[in-house]
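The values are calculated or read from the model by the stated rules, or taken from the named source; none is laboratory data. Model, not experiment: these values are computed from the prediction. We place every Cβ from the backbone using ideal geometry, glycine too, and count neighbours over all the protein chains shown. Heavy atoms of the whole protein, side chains included, go into the accessibility calculation; ligands, DNA and RNA do not. Shrake-Rupley method; radii C 1.70, N 1.55, O 1.52, S 1.80 Å.
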Amino acid sequence: MDIDNKYGTLEVQMSLLELLKEFHSFCVQNGIKYSLCYGSLIGAIRHKGFIPWDDDVDIIVSRDEFVKLKSLICNSRFSWDYQSETALWVARIGLENLVLENGHRPVIDVLILDNVPQSKVISNIKLYSILMLQGMVKTKPPVSGMSLIMKILSIGCWGIGRLFKKRWIYNIYDKIAQIGNGNNTDYLQSYNTIFPYRKHQVKRDVISSYSIV
């Protein structure tokens, strides 16, 4: 945690801790299984709290647990932002009354684990279809630092996305993300994560059991 406020994140992290404690209680009460992931998990293990410069919380859930969470959280005191104009493809959870003086709203980013198809061809088609859809719903094409080909692809996806309603794109996104979920595949992957983590896969047995630590 940024105890000395060296990175200016102490207030945010204290608010996130309040949010996470309440969310954890909500999950325990409703039998929802989740895990910290990415920087939040690294912080918990390496720093025994937050990474000093981190300003959000990342959790990961299976698709079944996400469906359960989605059905219950709308009737709670949490705010819920998923596949909207502001949250894009990452589900975000906050507390309705938890807003900092600077207007920042501490949130938990929810990543969903879906099956990775056994077929390498189908797996790649699924992944790159998701990346195309992500490019279509962005507010502007992120071309900084990209190669010429990637810039063309990014601008092209963004331009095509202007022709469709976001709700339609998100419906397709959900359907593609769940391709293979009816089969017993070896690996799982989050398809609503950000670009740098797009190929991270985990073995199915990683989520076979949970323990509170």
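Before moving on, here are some points about what is shown:
- Of the residues examined, Lys21 is one that is at pLDDT 90 or above, surrounded by fewer than 15 Cβ atoms within 10 Å (Cβ to Cβ) and among the charged types (D, E, K, R).
- Test for Ser76: is it among the polar types (S, T, N, Q) and farther than 19 Å from Ile207 by Cα: yes
- Close pairs (8 angstrom Cβ cut-off, 6 or more residues apart or separate chains): farther than 15 Å from Phe164 by Cβ and β-branched (Val, Ile, Thr) in the stretch 127-140, outside any helix (DSSP H, G or I) and open to solvent by 30 Å² or more (accessible area, probe 1.4 Å) anywhere: Ile130/Arg198
- Count of the stretch 159-186 residues which are surrounded by fewer than 17 Cβ atoms within 10 Å (Cβ to Cβ) and in a loop (DSSP other than H, G, I, E, B): 10
- Checklist (1) touching a Leu at 6+ places or on another chain (Cβ under 7 Å); (2) surrounded by 14 or more Cβ atoms within 10 Å (Cβ to Cβ); (3) farther than 24 Å from Asn183 by Cα applied to Val61, failing item: (3)
- Residue in the stretch 80-95 that is assigned to a helix (DSSP H, G or I) and among the aliphatic types (A, V, I, L, M) present: no
- Gln134 part of a helix (DSSP H, G or I) and open to solvent by less than 30 Å² (accessible area, probe 1.4 Å): yes
- Close contacts from the stretch 60-89, counting a first residue that is over 26 Å from Thr185 (Cα atoms) and a second that is assigned to a helix (DSSP H, G or I) and among the polar types (S, T, N, Q), with Cβ to Cβ under 6 Å and a gap of 6+ residues or different chains, come to Leu72/Asn30.
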